[in-house]
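Just below is one structure, and these are the notes that go with it.
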Amino acid sequence: MNTQVHHTSSVKEYFGGLWDGIYSSLKGMWITFRYVWAVAPVSIEYPEVREVLPERARMRLFNDALNCISCTQCAMACPVDCIYIASEKLPEGSEIKKTSNGQAIRLHLTQFTIDTALCCYCGLCTTVCPTECLTHSHDYEFSAYTIDSMKYDYLAPDIVAWRDRIVKA
Amino acid sequence: MHKELSDLINRNVSGANAVAYLTADAKKFDSSITVETSHIYKVVEFLKTNKTTSFNSLHCISGVDYTDYMEVCYMLTNYDPSAVRNLTLKVRVTDRVNAAIDSVVGQFVSADFLEREVYDMFGIKFNNHPDMRRILCPDDWEGFPLRKDYVAQKDYNGMTVYPDNKMNMEDREFIVRQNMIKKAQAEKAQ
Amino acid sequence: MQTRWDVGEPHKPTINTSTEQLKSDLLTLNMGPQHPATHGVLRIEIWTDSEIVAHAIPHIGYLHRCMEKHCENLDFRGVIPFVDRLDYLASMNMEWTYAMTIEKMLGTEVPRRAELLRILTCELQRIASHLMAFGTYAIDLGAFSPFLYAFDYREKILRLFEEVSGARLLYNYIWIGGLWNDWSPEQISRVTAFCDDMEEEAKKYHELLSMNKIFIARTAHVGVMSVQDCIDFGATGPILRGAGMKWDLRKNEPYSLYSEFDFDVPVGTGEVGEPGDCWNRYIVRMREVVESIKIIRQVIEKLEPGSIMGKVPKVMKLPEGEVYFRSECPRGELAFHLVTKQDSKEPFRLKVRSPCFTHTSMLPRVAPGQMIADFVATVGSIDIVLGEIDR
Amino acid sequence: MQDGVVLTTLDEFLNWGRKNSLWPMTFGLACCAIEMMATGAAKYDLERFGCGAFMATPRRADLMIVAGTVTLKMATRVKVLYEQMAEPKYVISMGSCANKGGPYWQYGYHVLKGVDEVVPVDVYVPGCPPRPEALIEGVMTLQKKIANERLLRNKWVKHA
């Protein structure tokens, strides 16, 4: 089953084929050449110019620990199990705080860790969050030299600076 | 359609013992025909060659492990724009250690890869298959992954399959606890 | 009983057979797993007789990600992100097929707007996928600029998808029972604008590549798969249509609302080359782009406001049963075989019938007798995605 | 002992050359490879960083972008490819799968849990798949790392 078809061609066919090849190649080159002036440049010069991300863009997860009621629904919904939550009962008689949308925080959040190196950015966790404290932020520039630095503890003190930027009053 | 077809198979292939399984809700679920394991090649040959119900293509072979037996499902179809026909043909394999059935490569060439995949995932050998090797997993892989009782091997070729330092053991306490609660609830319910 | 011969026996060397002393062995050549022309991590063991391929054995499984095992441990909603990663060039179609499989079992009524928008997104995805096939196929054959043009237009679709779903490649957008987000009228108008642009662009692609003499010389009469071969191997999609058979599930077994739409099924006619060769498979894809634009225009005409999510139980429990559901994806017929147990929250078994898997098994049939360079063209024309083959 | 002006300047010069001609290897594994191709295409244009010449063979490449899931079957090949690359060589692990197994870490019996099990990784780029900008940022992070290398100084300057 040799698919190569060999046949002798006449002089006319030979030169016709040659002309076809040259003509169609020139046509293609002409299309490319037109890009010099006829088409606006498409490149985004990234570090200087940044594309504005759409509102729904799903990038790094952020949890606003002050609004979290430790319901663990996000951890249940997560298909890759990369959200780790631990909580304790509040001591008797302590004041019950409210979240920004009025839900009572009845548990004391002791751990809220997301392993960003495992996250698949599917957004299922944010849809189930009752207080909308877990959101996808618009940061995508957080490459790291070590893998351990990709595990985020959202109760750490240095998260405050990050929170100020993401959570809008 | 399945009832008539199973009768037709029984009439023409002796010993095929075709049993039609009809669902109550045909809109939601698929019906199927189960045949005798040893007669699968003859049944497929009949379904392909006979004039009235010819199925000219094997769409898919899928294995299912029901723990006490395994099933191999052959999805037959007909590339005929005037009358589209689909059929799920099933055979049961009860022997889990030396599971083997006849290959249908003689009828459908497409079964070559599909049967190799079923062998790879479920450990069902296909007799008379020209090239019975693993297809997705490496040749020296242990166990058959899609069996329900499969336990992954510890290491392969010097690489640990589940390295402890990558498993977030200390963080997963929560999930482990949740699983324990679930288990306790299930036991209570029983 | 058929033997190895029927799936492509190494055929006898054609050169030097007359002179016993000059007889040489076949040379084994490994193409892949890391090879620019295998579109991923496909490995093909080629036995060559000088430049002629005598036999090709595909080795797959280098991207076996245990997706089916995962699905047995996840709830029905959680499977969708994994289904996305099957065919990462056509995630929308994957999601849709999976969603339809579950909906068939649940008996969910999907609102009309959701159905129409699903068709819209999936046809856009088909265009994006075919653009990718166009660009990478040109690279395989040594032309670089089509890749840049194709990616430029693909980016426009991705931007639309990102605005509506939030991700560029793996969307998790089509949910069981409906859609996650609605398209705004402004986005719909941008789709219309895109369709106008794309029609012009498609003409440019034909000038640029389809009718190029060099391209024709590389693809016409190369890697011929006849209709009978395609049916024997269970090939579907552009491969089957390129061979000249008018078979499209959207027409022949219409699912969703496809019966309402007016579109053609392009087939390889052999105006260049012969039906079933690389050029015809390629041109079927390029013509499908135009047909998809046609469908999108009709969808936009029919769109009317309404709900986008049907009634789905909050905790999804399916009754016992099984379903085999297939649909037409850019690469062929994708099918899910779903088996559930009574009141199960997770699939008991989810088998993916991937089109590329069967197409890969055709390689031993077409390879013998080709030049190695032609074999690269053949592999490229099948347009495989390894994520779907290996799962 | 001090580093000295000459060695420091020479180091800077060498690092400048190295970081601005990082030639990556065409090494796509899965979904992330598509985003890697998009990065190399017109809109994001990796060429602006001297990093767009995708080499088809490891022997001419300086940078291996591991884009996608590394399975156990593939892992040995990844290692071989890494060993075939000429020094200096760098590895960017792109996407969740290459970082730590990604979505497939839990039941993925056939998935390597992070490419750092077989080859040393310089920069981890998170995302599933990362945006092309994120990959460019990863390349820039790597360039920063290269800029601080003490190539000649480590060789010739003996610290007390």
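All of the numbers you see were taken from the coordinates with simple rules; none came from a lab. Remember, it's a predicted structure, so these values are computed and weren't measured experimentally. For neighbour counting, all protein chains shown are included, and Cβ atoms are generated from backbone atoms with ideal geometry for every residue, glycine included.
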Spin-label zone in the range B:17-59 - amide nitrogen under 17 Å from a point set 7 Å from the Cα of B:N98 along the C-beta vector: B:38
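Once you list every other residue whose beta carbon is under 14 Å from the beta carbon of A:A57, what net charge do they have if Lys and Arg are +1 and Asp and Glu are -1?
0
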To make sure I understand the rule: partners must be lysines, Cα under 16 Å from the Cα of B:K48, and not fewer than 8 residues away in the same chain. Which ones qualify? B:K90
Taking H placed 1.01 Å from N in the peptide plane, check which residues at least 5 places from D:T71 or on another chain put their amide H under 5 Å from its amide H. D:L112
Cβ under 12 Å from C:L27's Cβ, C:L27 left aside: what net charge do those residues give with Lys, Arg +1 and Asp, Glu -1? -4
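Residues with beta-carbon under 9 Å from that of C:H39, excluding C:H39: net charge, scoring Lys, Arg +1 and Asp, Glu -1? Before the final figure, lay out the partial values.
Values: positive: none; negative: C:D140, C:D383.
Counting the neighbours of C:H39, the net charge comes to -2.
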Computed over all unlike Cα pairs, the Kirkwood hydrodynamic radius of the range D:29-97 in Å stands at 12.7 Å
How big is the antiparallel share of DSSP beta bridges in chain B, given as a percent to the nearest 5? 80 percent
Using a Förster radius of 30 Å, what is the FRET efficiency between A:M29 and C:D196 based on their Cβ-Cβ separation? Nearest 0.05, please. 0.70
Report, in listed order, any pair from C:K156/C:K213; D:K79/D:K145; B:K182/D:K73; D:K89/D:K113 with a Cα-Cα distance greater than 32 Å. B:K182/D:K73
Neighbour-count order for C:D390, C:D182, fewest beta carbons within 10 angstrom listed first: C:D182, C:D390
Considering lysine pairs in the range C:279-385 that are 8 or more places apart or on different chains, how many have Cα atoms under 25 Å apart? 11
Ignore the peptide's own chain and count Cβ atoms of other chains within 10 Å of each Cβ in C:72-81; give me the average, rounded. 5
Can you give the FRET efficiency for B:E142 and B:N86, using 1/(1 + (r/R0)^6), R0 = 35 Å, r = Cβ-Cβ distance, to the nearest 0.05? 0.45
Full-stretch length increase - C:I372, C:H206 - with 0.36 nm per residue and alpha-carbon distance subtracted: 57.1 nm
What ranking do B:68-79, A:154-165 get when scored by the average of other Cβ atoms within 10 Å per residue, highest first? B:68-79, A:154-165
Relative to the longest principal axis of chain A, what angle (0 to 90°, nearest 10) does the C-alpha long axis of helix A:11-34 take? 40 degrees
Taking amide hydrogens as modeled 1.01 Å from N in the peptide plane, which residues meet the under 5 Å criterion relative to A:L134, leaving out close sequence neighbours? A:D64
Mind giving me the nanometre distance, one decimal, between the label points for C:D262 and A:W37, set 7 Å out from Cα along Cα→Cβ? 4.3 nm
Work out the mean other chain Cβ neighbour count within 10 Å for the residues of C:319-332 and drop it here as an integer. 3
As an exercise, use a Förster radius of 51 Å and the Cβ-Cβ distance of D:V5 and C:A217 to find the FRET efficiency, rounded to the nearest 0.05. 0.25
Peptide ranges C:204-216, C:119-131, D:49-61 listed from the most packed, as the mean C-beta count within 10 angstrom indicates: C:119-131, C:204-216, D:49-61
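Only helical DSSP H runs with n ≥ 4 go in: add -39500 (n - 2.57) per run for the protein assembly as shown, normalise by residue count and round the 222 nm mean residue ellipticity to 500 deg cm²/dmol.
It comes out at -11000 deg cm²/dmol, rounded to the nearest 500.
Given the protein assembly as shown, what percent of its DSSP beta bridges are antiparallel, to the nearest 5?
Values: 69 of 86 bridges.
Once the DSSP bridges in the protein assembly as shown are tallied, antiparallel ones form about 80 percent.
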Highest mean first, what order results for C:331-340, A:141-150 on Cβ atoms within 10 Å? C:331-340, A:141-150
In nm, to one decimal, how far is the modelled label at C:V290 from the one at A:T127, with both set 7 Å along Cα→Cβ? 3.8 nm
Aspartates and glutamates with Cα under 18 Å of A:K98, excluding same-chain neighbours fewer than 8 positions away: A:D64, A:E88, A:E132
Excluding residues fewer than 8 places away in the same chain, name every one of the aspartates and glutamates whose C-alpha is closer than 19 Å to that of B:K51. B:E4, B:D7, B:D80, C:D232
Would you tell me the mean number of C-beta atoms belonging to other protein chains that fall within 10 Å of each C-beta in D:74-81, as a whole number? 4
Across chain B, what fraction of all alpha-carbon pairs, as a whole percent, falls in each successive 10 Å bin from zero upward? 8, 28, 27, 18, 13, 5, 0
